[in-house]
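A.B. asks: Here you go, one structure.
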Amino acid sequence: MMSNTTLKTRLDQVLDQVAQAAHRTGRAADEITLIGVSKRKPVEDMQTAYAAGLRHFGENRAQEVRDKFPGFDPEGITRHFIGHLQSNKVKYLPGRVDIIHTIDSTRIADAVNQRFGAQELKIPCLVEVNISGESNKEGVEPTQALDLASYCAELPNLEFSGLMTIGPLTADRDRIRQAFQEMKLLTDQIAHRVGLLQPLLSMGMSGDFEIAIEEGATHIRVGTAIFGAREY
Ligand SMILES: *Cc1c(COP(=O)(O)O)cnc(C)c1O
């Protein structure tokens with residue numbers, strides 16, 4: 001568990017970096033939503049982060065979502081699901097998450113539609129894109145993103161809201177920037193095609209969120225820089 005002051009200091013530092021990155025590109029800091037990725041961290045740390053002002057929380061495992069929410073449900077939070085989904089785990093999510101970032105197949109889209117529909121819920125969803133083409137990455141190829149987005153947009157209990165990606169795992173900052181630029185272009189093209197006025201673009205983690213903001217991210221997913229290193 002992290003001390004309250006350490007966590008607050010880290011969160012403030014990240015918020016400061018967000019504001020500076022936004023400022024560099026003439027964006028308002030409040031255009032960017034900071035998601036604190038609390039995976040593998042105890043609820044106590046999430047409460048500390050909430051007290052320090054964090055309102056968006058990200059989790060990547062359905063069982064962890066089931067175990068943490070709604071036990072942790074303070075006023076005004078948004079719960080983001082950011083992990084790879086298997087159809088048989090979707091059942092843990094209705095009522096426990098407010099947006100899913102990781103739709104990567106029609107099969108998962110169908111499962112989400114069915115499970116949320118059964119509870120008469122409509123869930124905002126992003127399509128995950130493997131922008132860097134790395135073979136170990138989840139997400140659809142960029143050329144398939146429009147098809148999946150259109151498919152999601154037609155499902156009654158999904159609200160197609162934009163795209164998500166994980167940047168390339170490299171120290172090469174130019175390559176990361178190029179991938180994020182491609183994501184921004186793709187997001188705008190797809191939004192235009194499906195008639196989405198304000199598409200969300202979820203990209204940027206602890207190591208690359210400033211580049212992501214400079215290249216148009218609306219949502220950044222920051223774990224380590226706020227909550228510290230994970231033990232597993
Ligand atoms: C864990 C995770 C993050 C946060 O990673 P950090 O490097 O700790 O900031 C962001 N996005 C996804 C999809 C993750 O699984």
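Any read-out appearing in this document is the output of simple, stated calculations on the displayed coordinates, not a laboratory observation. All values reported here derive from a predicted model rather than from experimental measurement. Cβ: placed from backbone, ideal geometry, glycine included. Neighbour counts: every protein chain shown.
A.B. asks: Using 1/(1 + (r/R0)^6) with R0 = 30 angstrom and r between the beta carbons of E154 and E75, what's the FRET efficiency to the nearest 0.05?
C.D. replies: Numbers: r = 34 Å, r/R0 = 1.14.
The formula returns an efficiency of 0.30 here.
A.B. asks: Okay, next question. Run through segment 20-86 and list the GluC sites (Glu not before Pro) located in a DSSP loop whose Cβ has at most 12 other Cβ atoms within 10 Å.
C.D. replies: Working: sites: E31, E44, E59, E64, E75; in loops: E75.
Sparse-neighbourhood loop GluC sites (Glu not before Pro): E75.
A.B. asks: Using a simple charge model, +1 on the beta-carbon of Lys and Arg, -1 on the beta-carbon of Asp and Glu, nothing else, what dipole does segment 4-227 show about its Cα centre, in debye to the nearest 20? Working shown, then result.
C.D. replies: Values: 25 positive and 30 negative charges, 100 e Å.
About 480 debye.
A.B. asks: At 25 °C and 0.890 mPa s, what whole-number value in µm²/s does Stokes-Einstein give for the translational diffusion of segment 175-232, with Rh from the Kirkwood sum over Cα pairs? Write out the running numbers ahead of the final one.
C.D. replies: Numbers: Rh = 12.3 Å.
Calculated translational D: 200 µm²/s.
A.B. asks: Under the Karplus relation 6.51 cos²θ - 1.76 cosθ + 1.60, θ = phi - 60°, what is the ordered set of whole-Hz ³J(HN,Hα) values for segment 35-51, x standing for Gly and Pro?
C.D. replies: Rounded to whole hertz, the list is 9, x, 7, 9, 4, 6, 10, x, 4, 4, 5, 5, 5, 4, 5, 4, 4.
A.B. asks: A further question follows. Using only the Cα atoms of segment 32-132, build the gyration tensor, take square roots of its eigenvalues as a ≥ b ≥ c, and label the shape rounded, prolate or oblate: rounded if a/c is under 1.5, else prolate if a/b is larger than b/c, else oblate.
C.D. replies: prolate
A.B. asks: Using the Cα gyration tensor of the chain, with a ≥ b ≥ c the square roots of its eigenvalues, what is the shape: rounded (a/c below 1.5), prolate (a/b larger than b/c) or oblate (neither)? Don't skip to the end; give the middle numbers.
C.D. replies: Working: a/c = 1.66, a/b = 1.11, b/c = 1.49.
Cα axes put the chain in the oblate bin.
A.B. asks: Also, I was wondering about something else. Amide H to amide H, which residues 5 or more places from L200 or on other chains are under 5 Å from it, using H placed in the peptide plane?
C.D. replies: G162, L163
A.B. asks: Put +1 on the Cβ of each Lys and Arg and -1 on the Cβ of each Asp and Glu in the chain; which of Y50, G167, M1 then has its Cα farthest toward the positive end of the dipole?
C.D. replies: M1
A.B. asks: Also: Going down the list K8/K39; K68/K184; K91/K122, which pairs span over 23 Å between their C-alpha atoms? Present the calculation step by step, with values, prior to reporting the outcome.
C.D. replies: Values: K8/K39 18 Å; K68/K184 33 Å; K91/K122 14 Å.
Correct reply: K68/K184.
A.B. asks: Would you grab the residues whose amide H sits under 5 Å from the one on E159? Only those 5+ places off in sequence or on another chain, please, with H modelled 1.01 Å from N.
C.D. replies: It is I123, C125, by chain and number.
A.B. asks: Still on this structure: Once amide H atoms are built 1.01 Å from N in the peptide plane, which residues 5 or more positions from V37, or in another chain, come under 5 Å H to H?
C.D. replies: G58, V222, G223
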